[in-house]
Each structure stands twice: as structure tokens, then as C-alpha cells.
Amino acid sequence: MKQPKRYLVTSALPYANGPVHIGHLAGVYVPSDIYVRYLRGRGADVISICGSDEHGVPITIKAKKEGITPQDVVDKYHGIIKDAFRRFGISFDIYSRTSSPTHARTASDFFRKLYDQGDFIEQTTEQYYDPEAQQFLADRYITGTCPRCHSEGAYGDQCEKCGSTLSPTELIDPKSAITGATPVLKSTKHWFLPLDRYESFLREWILREHGSDNGGAHEVWKSNVYGQCKSWLDGGLLPRAVSRDLDWGIPVPVEGAEGKVLYVWFDAPIGYISATKDLFAEKGNPDGWKPYWQDNDTKLVHFIGKDNIVFHCIVFPSMLKAHGDFILPENVPANEFLNLENDKISTSRNWAVWLHEYLDEFPGKEDVLRYVLCANAPETKDNDFTWRDFQARNNNELVAIFGNFVNRALVLTHKYFAGKVPAVGNGGLTDYDRETLDEMPRIKAAIEQNIENYRFREALKEMMNLARLGNKYLADTEPWKVVKSDPDRVTTILNIALQITASLAIASEPFLPFTAEKLRNMLHLEAAQAHWDNIGCATLLAPGHELGEAVLLFEKIDDSVVEAQLRKLEETKAANAAANATAVPAKENTVQFDDFAKMDIRVSRVVAAEPVPKTKKLLKLTVDTGIDTRTIVSGIAEYFTPEEMVGKRVLVLVNLAPRTLKGIESQGMILMAESPTGQLSIVAPLSDEAASPAGSVVG
């Protein structure tokens, strides 16, 4: 396989409609950063590209939900995401955004070239239109019942319950997510990329060039990526729209396209190109981006999650092939999904560990999270993050193995040799010394092989094997005992231990960059010495080299810290349960009249309201039901303040079995309505107060 002259590494552009969580990190950004840092350590010409994906329906939905503009949404979350990545040590060369002028020009020019070449087809199709909002509805603005699993709340492009890919017209009982109205079909013209024209190219490029039997000419793709691509190709490709009826995005740059923007899946991957342009413009070299995108001596690697495989392996390559001026990716390593405490991570349910919150709550422990996410990376199957495992890996591996070895090696050197590297003793090396030193190059080669084949979990294990090697060597040689009888032997022992420590300072850089920097500072290791090729060098630290002060690299995490995080998740569960109990249940099955008659629903008045301590979503309400005054805990604090609720007339299911939430017995359920976008509103009595006083029965 030909050695590339340069590397271009891209990471999936996160949607700027919310913060980044650990699922994003484990799936894309930690492995990408490990790969890039490794290449930099080897002295390779590599740039790392990312940025915020700021167009598309999720942005507009978020804006409508929060009552702000789409620009307000992307400005807010772009800042949060960019800052969190920086604090976490993700070393992008640039973190750009698709709302930049450079991107607008690049995406428009890209579309225009394909348009002028006749690569698009124009089609007038029937699409759903909201007669109340007077606008066409993007897929995510349409909800209904999934035709596959019959779950409510499926979107026009996907059912999140069963994972099926859908089209809006397949939904049963579709509704507009904007107004709740039943949409109607209306004609609209759009441009389509005929993917079927590129099937033969894709089969040759993916199945033959990147399959396991390509003879070593190209990198073999991961089985999950290859398998999904083969499934798409075997199913037959269809034309895919590249424009949408939407008022947020890059306008389609042709006549007769008023009110239409580039579809986000077409627009977003071009963001890699525009971000590279911005990077070199900032360097004062506006044409410097071209070799990275147009020279076949460049190796392009896309790091993505499995939900982006089709766009990066089928759609974007077809776009690049049609354009003709850009290289294709050599590899697209995609990870599976990470779960949290045996439950699927969900932004809508707030079931996540958010990066910016972690950084605030665990200052100085960036590398602990990086380590755990890499050790648990969902490389071949979905995996699980638990706080107990987080604690165990920190205490039993980082503290007890890595930190313990480094601390003993430096402390003993300061104690016995005034902090200066001792020379190998007059007795020379023993067979065990040589075996230990010979193990370092083997570990180095194993780390390299695994990283270059995108097996980052195995690479991390090998890096830790270097620390284990040092730990075992000190435990076996016991210099603290030998010093009394054979001080000359101790000079050799600590020389070898320090050489292992120096190699560890280099080998840990891709995985634990903050720790590696601390360790290099403790060793007074110069930048030239910290080159990757010096891992395993038995003379990396010269005799007499002066060391810095030994400081602890890691500290134990107490049970109380983990228990606080678990309580936080329990609070989220309780809030979700309360919100689900508060909202009117979605229609699933018909019920008999006798079942309905069992429900005692009464007009009631809220007489007092207060937040539930140490929660974000719960309110404790005192409600006059006309038959008594009772307490109800409701998950509505994100939608109503206590002051707003006092005096409200509400409907209460008074004969619901009591339930304890956060130590408070909740004696009933307030009926709420949930819009398709997730906004809660009070189901208020229709009659006036005189006609329907508190205690009036609804039925």
C-alpha cells in the first residue's frame, strides 16, 4: 500500500441544536483525535477538520420550541460545542461552521457545477404541506404512526422506536409538527441526485477496492461499514433530493428556486472542504487547501457514527465523483452507539452525560473520561457507559497501574539520586533487564498496528501494557529493598524504570494528552526527544539528566462522587416519569367505555407551587380538587414557573394510585397536552369558572 504524502482527517459535523454528549465522543471525536495525535507524533503532515452543522430541520425545530431564531440557536450551541471540544483536548486544526460565508460560496459553487454539467434531474413531486402554517413540511416536521412497528411519534424520515427509514407518505395519521394540523399533499419542484447512475462506480470502489479480498492495494473497511454499504447497493439506489422547501439554509443558486435551500445532507459534507479553505485562508495561504483535497497523494479519512455511513460512503462519494475535482476517502471508520447505564442515550429525555457539564463537575479529569470512552469504545457493537465502571477504571487502572508506576519511579530517583537519572550500574544488565527493555519495541509496534487499523481499544490496552511492564519491573526488582545491600544494582533498576517512563510519556500522548504533557514536564523531556520513534529507546534519558518534581497524575474517585452522578440520572428518570404521567397518553389501542368510566377527572385549582429541591424539571403543586386539597408532583418546571401555576384551573385525574417522586407522595395527575415538537400546555376546562367550579367532574 502506497505511503501517503499527507493526511486529511475529518470528524462528523455535530448538529448545532444541542451540546455534545459522551455518545458523540466515543463514536467519533475521541478516536479521531487519537488517530490525529498519533500521526502528529510521527511527524506526519496531517490536518484535522471539523465544524458545526448549522442548517437543517433540527435547527428550526429547536428555534420554534425555544421561541428564538435559527441563527440564535446555532450561535449558542456552536459556542458551547467549540469550547467544550477545546477544554477536552480535541485538537482540531480548525472548528468551523456551515453558516460561514466561505461555506455558502463553496456549497453554492459545488451545486452549480453539478447543475451546469446536467448531473441533477428535476422532478415535481407531491409533498406534505401545512395549510395552517402555509408551508411545505420537511420530513422532521411530520409525525405519525410508524407503519412498521405502529409506534406513535415516528418522524417523516425515521421511526426512532424501531429504527426504520421512512418516507412521510408512509406514516399513518400524519400530523404537522408545527401546528398539529393534518397536512395535505401539494406539488413542488426539486432537484435530485440520481444515485442509481453511480452504482457501478460505488460497487467497484467500495466492494472491490475496500473489501477484504482487495489484495492489500487499499485499506479494508470495517465490517459494519462494508456491510451497510453492501446492503444499500444490493437494495438498489434511488435518486435523492438535494433541495428542500425551507427558509433556513443555503439558497439553491439557480433561477426558479425561490424559497428553496440546499438539503442539509448535500450541504453539510461540503463543510469539510469549506473548513479546510478557511484554515488555510487564516494561515495567509488561500490555495493551501488544494493539495489536501485534490492530490491523490493525500489520504482522506472520515470519522463518523454509524448513522452517517450512508451519507459518507454512498452519497458524498457520488457527489465528489460527479464533481470530478476532489479525492475520495481511503477509509470511513464508523463506530456503533454508546448507551448510558444500560439505556439508550436520548437528548429528548436528557438521558446523557453532557461534555460541558462533565468538564465543570470533574475539573482536571479530562483524560479519565477520554480513557474510559476509548476503553469502552463501541467499535464493533453497541457498548455501555456506567459510572461504576468509570470509577473502577480510574481507580484500578489509571491510579493503581499508570500513576503508581510513574510516581514510584520518580520518587525513588529523587530519594536515592537527588532527582538525577542514574547510569546503568557497573554490574551491567541482567537477562531480566534485557527482556524488559526488549518488550518496549514490541509494545510500540502493537500500538502502531492497532491505531493504523482503527482498533483504538486494543491500542489503548497496549499503551497500558507499557505501564504494566514498568509496574511489574519495579515490583519484581524491589529497589527499595535492594538499595540496602546492592546500591549499584539500584542505579540500573531506576535507569530502566525511567526509560520506560519516558517512553510512556510519548506513547500516552494520543490517548491521554493532558497526562502526557504533565509527564513530559516532570521528566523535563524536550520536544525533540518526544518523537514517536523514540518509544522503546533504552537511552532516551541520559545519565545525569535532571528530573522535575514528582506529582500525582491521577487521584482516586470516591463512591460519593459516583453516587451523586447516579442520583442525577435518577432525578432525570423521575422527571421523565412525571412528564409522561402529566401529558395526555398517545393513542395506542382502543379502550372500552367501562375502562374510561373508571377515571375520575375533576376541574381543580392550583393554590400553591414550588420547585422540588435538587431537581430541574419537577414542581410540587398544592391543588384544590373541590373534594380535598392534595399534593401533586409534576414534571413541568421547564415549561411553567411556580408563579405561573398558582391560580391556574387544571384537570386532575384524582383516582390515580399515589406515587412517590423524590421523597414526595404525588396524589394524582394533571392532564397536559404535548405538541409534536414536545411543548407542554395545560388542558384547561373549557367552561368558565362559575359554570365549572373546582370539583366539577369531567366525563
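The values are calculated or read from the model by the stated rules, or taken from the named source; none is laboratory data. Here the structure is a predicted model, which is why all the values come from computation and not from measurement. Please note: Cβ atoms are built from the backbone with ideal geometry, for glycine as well, and neighbour counts cover all protein chains shown. Heavy atoms of the whole protein, side chains included, go into the accessibility calculation; ligands, DNA and RNA do not. Shrake-Rupley method; radii C 1.70, N 1.55, O 1.52, S 1.80 Å.
Of the strands (runs of 3 or more DSSP E) lying entirely inside the range 625-699, those containing at least 1 residues that are open to solvent by less than 30 Å² (accessible area, probe 1.4 Å) and either in contact with a Gly (Cβ under 8 Å, 6 or more places away or on another chain) or at pLDDT below 75 (or both) span 629-634, 649-653, 680-682. Given the condition buried (at least 21 other Cβ atoms within 10 Å of the Cβ), more than 25 Å from residue 332 (Cα to Cα), in contact with a Leu (Cβ under 9 Å, 6 or more places away or on another chain) and polar (S, T, N, Q), answer yes or no: does some residue in the range 41-49 qualify? No, there is no match, as no residue in the range 41-49 is buried (at least 21 other Cβ atoms within 10 Å of the Cβ), more than 25 Å from residue 332 (Cα to Cα), in contact with a Leu (Cβ under 9 Å, 6 or more places away or on another chain) and polar (S, T, N, Q).
Scanning the range 195-239 for residues that are more than 24 Å from residue 301 (Cβ to Cβ) and basic (Lys, Arg) yields a total of 1.
Contact map, the range 448-472: residues that are of a type in the set (Gly, Ala, Ser) paired with residues that are open to solvent by 10 Å² or more (accessible area, probe 1.4 Å), Cβ distance under 6 Å, separation 6+ or inter-chain. Pairs shown: 459/450; 467/401. Within the range 59-114, the residues that satisfy the criterion of being under 30 Å from residue 40 (Cα atoms) and among the aromatic types (Phe, Trp, Tyr) are 77, 85, 88, 92, 95. Filtering the range 614-624 to residues that are open to solvent by 10 Å² or more (accessible area, probe 1.4 Å) and touching a residue at least 40 places away in the same chain (Cβ under 8 Å) leaves 614, 615, 616, 617, 620, 624.
Considering the conditions (1) touching a residue at least 40 places away in the same chain (Cβ under 8 Å); (2) over 11 Å from the mean Cα position of the chain (by Cα), residue 28 is excluded by exactly one of them, (2).
Being free of Cβ contacts under 8 Å to residues at least 24 places away in the same chain and closer than 30 Å to residue 565 by Cα is true for just one of 382, 389, 431. Which residue is that? The match here is 389. The residues on offer are 555, 462, 549, and the sole one that is open to solvent by 10 Å² or more (accessible area, probe 1.4 Å), part of a helix (DSSP H, G or I) and either farther than 25 Å from residue 428 by Cα or touching a strand residue (DSSP E or B) at 6+ places or on another chain (Cβ under 6 Å) (or both) is 462. Is it the case, given these coordinates, that residue 119 is out of contact with any Cys (no Cβ under 9 Å at 6 or more places or on another chain), among the acidic types (Asp, Glu) and farther than 26 Å from residue 242 by Cβ? No, not satisfied.
Conditions tested, residue by residue: (1) farther than 28 Å from residue 51 by Cα; (2) within 22 Å of the chain's Cα centre (by Cα); (3) free of Cβ contacts under 8 Å to residues at least 12 places away in the same chain.
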position	(1), (2), (3)
199	yes, no, no
209	yes, no, yes
228	no, yes, no
259	no, no, no
262	no, no, no
285	no, no, yes
290	no, no, yes
302	no, yes, no
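Go through the range 356-377 and report how many residues are buried (at least 19 other Cβ atoms within 10 Å of the Cβ), of a type in the set (A, V, I, L, M, F, W, C) and under 15 Å from residue 514 (Cβ atoms). Total meeting the criteria: 5.
Screening residue 69 with (1) open to solvent by less than 10 Å² (accessible area, probe 1.4 Å); (2) out of contact with any Ser or Thr (no Cβ under 9 Å at 6 or more places or on another chain) gives one miss only, at (1). One residue alone among 152, 126 is open to solvent by 30 Å² or more (accessible area, probe 1.4 Å), part of a loop (DSSP other than H, G, I, E, B), over 30 Å from residue 29 (Cβ atoms) and out of contact with any Lys or Arg (no Cβ under 6 Å at 6 or more places or on another chain), and that residue is 152. Could you check the range 348-373 and list, in sequence order, the residues that are at pLDDT 95 or above and basic (Lys, Arg)? Correct list: 365, 370. Filtered by the rule that a residue be touching a strand residue (DSSP E or B) at 6+ places or on another chain (Cβ under 7 Å) and under 23 Å from residue 570 (Cβ atoms), the range 610-635 gives 610, 611, 612, 618, 619, 620, 621, 631, 632, 633, 634. Scanning the range 313-329 for residues that are on the phi < 0 side of the Ramachandran plot, surrounded by fewer than 20 Cβ atoms within 10 Å (Cβ to Cβ) and not hydrophobic (A, V, I, L, M, F, W, C) yields 321, 323, 325.
Taken together, 497, 502, 527 contain a single residue that is out of contact with any strand residue (DSSP E or B) (no Cβ under 7 Å at 6 or more places or on another chain) and assigned to a loop (DSSP other than H, G, I, E, B), which is 527. For the residues 455, 442, 468, the requirement of being open to solvent by 70 Å² or more (accessible area, probe 1.4 Å) and farther than 30 Å from residue 224 by Cα singles out 468. For the criterion of being among the β-branched types (Val, Ile, Thr) and outside any loop (DSSP other than H, G, I, E, B), residue 327 fails.
Of all positions in the range 522-529, at least one carries a residue that is of a type in the set (A, V, I, L, M), surrounded by fewer than 18 Cβ atoms within 10 Å (Cβ to Cβ), without any contact (Cβ under 8 Å) to a residue 40 or more places away in the chain and more than 21 Å from residue 552 (Cβ to Cβ). Which members of the range 396-409 meet the condition of being closer than 23 Å to residue 564 by Cα and either β-branched (Val, Ile, Thr) or crowded, with 17+ Cβ neighbours inside 10 Å (or both)? The answer is 397, 398, 399.
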